[in-house]
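Take a look at the structure set out below.
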Amino acid sequence: MPALRTSAVLLALVLGLLVPTPLAIAGPATPDPTQDTPAPDPATDRAGEAGSLVARIAAARAGLEALTDDLGERQELANRAMADDTSARARADEARRAAEESRRGADAAAAAADRARADADAWITAWFQQADVLGPLSVLSGSAGPQDVAARAHLRDVVAEDQRTALDGAELSRIAAANADSRARAARDEADAAAARATEARAAADAELARVQADAEAQEARLRDLTAERDAAESRLRELEAADPDLAAQRDRAEAFDAAATARDEARDARVRLAAASPDDAQDALAAAGVDTTGMSEEVRTVLGRALSQLGVVYAWGGGDAAGPTKGIRDGGVADSFGDFDKTGFDCSGLMIYAFAAVGKDLPHYSGYQAEAGPRVPLAERRPGDLLFWAEDDGAGAVHHVALYLGGDQMVEAPESGKTVRIVPLRLDDEIVPTVTRLV
């Protein structure tokens, strides 16, 4: 975890500076007023100043990380607004299509009613035109005998039944057309309402994004000040190290330790990516990452392997979908300063979308909604494949980050701007949500 290693370097320096110089054991010293006060030891002064500088650097970095985390939380809330916007527009499109289909059905029903009415009118016209032929008197008069009378009577009954059928059909068609028209009007009203809600969601997303940009601008001066303070302290510390071989040696040892740890992680990630080059090699990828797959389902292995296949991919706020990494979006602040809008990568929730798409799970692009996408299980009962979340107000407020649990108190995440998808130890800090979401 790079941030932790940077802190470890500073801690090593502080501990090195605080190691006391061995003192000879002697009896009580009697002050000699004739002797001058010894001049301060330059090495001691440099060590004391270096210790103060290290503390200042650590404080500045902590402040920068806190500001970045705060903006990251706000970015994720903007993700929520954009997810709402996407969902509202999808519902509006669906309602519009339903309204169009309903209107087509109503038009077809009206056309059928017109045809049935025309058929009924034709029957009525024919009846009046042939009333002298099919009337009661005409059935009897001019008949050749009883059989002819019966045939004429049967024909009249058939014609009358057909006429009633035509009239009934016309009435039923009229009722069906009226009902279809009513449904079409209701569908149109729903489509209009859905379009209005989509417009409101779009406005809310724009407003949330504008708030993120305004917050970034408001904190930009503070970010500049902290960065300048950190850089100045680091520059002065370098000067002291150049003048004191012991200080330089402490720095070299700490940085060598950090470089070795980074190299180990990079080598592991390279092995995992190589093993996960094929979707069928999830088992090998998990083994390379040191994940225990005993008793693990095929679905969980697939999800974990798919996430691990993206180790080293850059963070891009707003990036990532079911098909893989995508271009990020602008936030007007931190993400823009890292060029996220011009990078192809993942943000935290985008990585989860990609991982779970492999098993047919369609997730929204907001960690808070992902937390609600499946059953909640106590954090203490977590198992590989569970989603882990972090939220404001000691884990009880708005969710602002998500990671995928690997087991063995390890997780994979897309952390923040300027970093890459990585494996890190599980962070059981104050903001972790006390439940996990289980989708597989």
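Filtering segment 85-107 to residues that are out of contact with any Lys or Arg (no Cβ under 6 Å at 6 or more places or on another chain), open to solvent by less than 60 Å² (accessible area, probe 1.4 Å) and touching a residue at least 12 places away in the same chain (Cβ under 8 Å) leaves S87, A92, A95, A98, G105, A106.
Only residues that are surrounded by fewer than 20 Cβ atoms within 10 Å (Cβ to Cβ), part of a loop (DSSP other than H, G, I, E, B) and in contact with a Gly (Cβ under 8 Å, 6 or more places away or on another chain) were counted in segment 298-325, giving 0. Against the definition (open to solvent by 40 Å² or more (accessible area, probe 1.4 Å) and either under 24 Å from I329 (Cβ atoms) or assigned to a helix (DSSP H, G or I) (or both)), how does T227 come out, yes or no? So T227 fits the description; yes.
Per the listing A108, A113, A60, the residue uniquely under 30 Å from L226 (Cβ atoms), more than 25 Å from the chain's Cα centre (by Cα) and modelled with pLDDT of 75 or more is A60. What residue, among those in segment 323-354 that are over 13 Å from the mean Cα position of the chain (by Cα) and among the acidic types (D, E), is modelled with the highest pLDDT? My answer is D342.
Of the helices (runs of 4 or more DSSP H) contained entirely in segment 326-440, those carrying at least 3 residues that are open to solvent by 30 Å² or more (accessible area, probe 1.4 Å) fall at 392-395. Looking at R185, R230, R211, R224, just one residue is basic (K, R), modelled with pLDDT of 85 or more and more than 25 Å from E101 (Cα to Cα), and that residue is R230. Going through (1) β-branched (V, I, T); (2) more than 30 Å from Q410 (Cβ to Cβ); (3) surrounded by 18 or more Cβ atoms within 10 Å (Cβ to Cβ) one by one, V272 falls short only on (2).
The values are calculated or read from the model by the stated rules, or taken from the named source; none is laboratory data. What you are looking at is a predicted structure, and each value in this text was computed from that prediction instead of being measured. Neighbour counts run over all protein chains shown; Cβ positions are idealised from the backbone, glycine included. All accessible areas refer to the heavy atoms of the entire protein, side chains included, with ligands and DNA or RNA removed. Shrake-Rupley method; radii C 1.70, N 1.55, O 1.52, S 1.80 Å.
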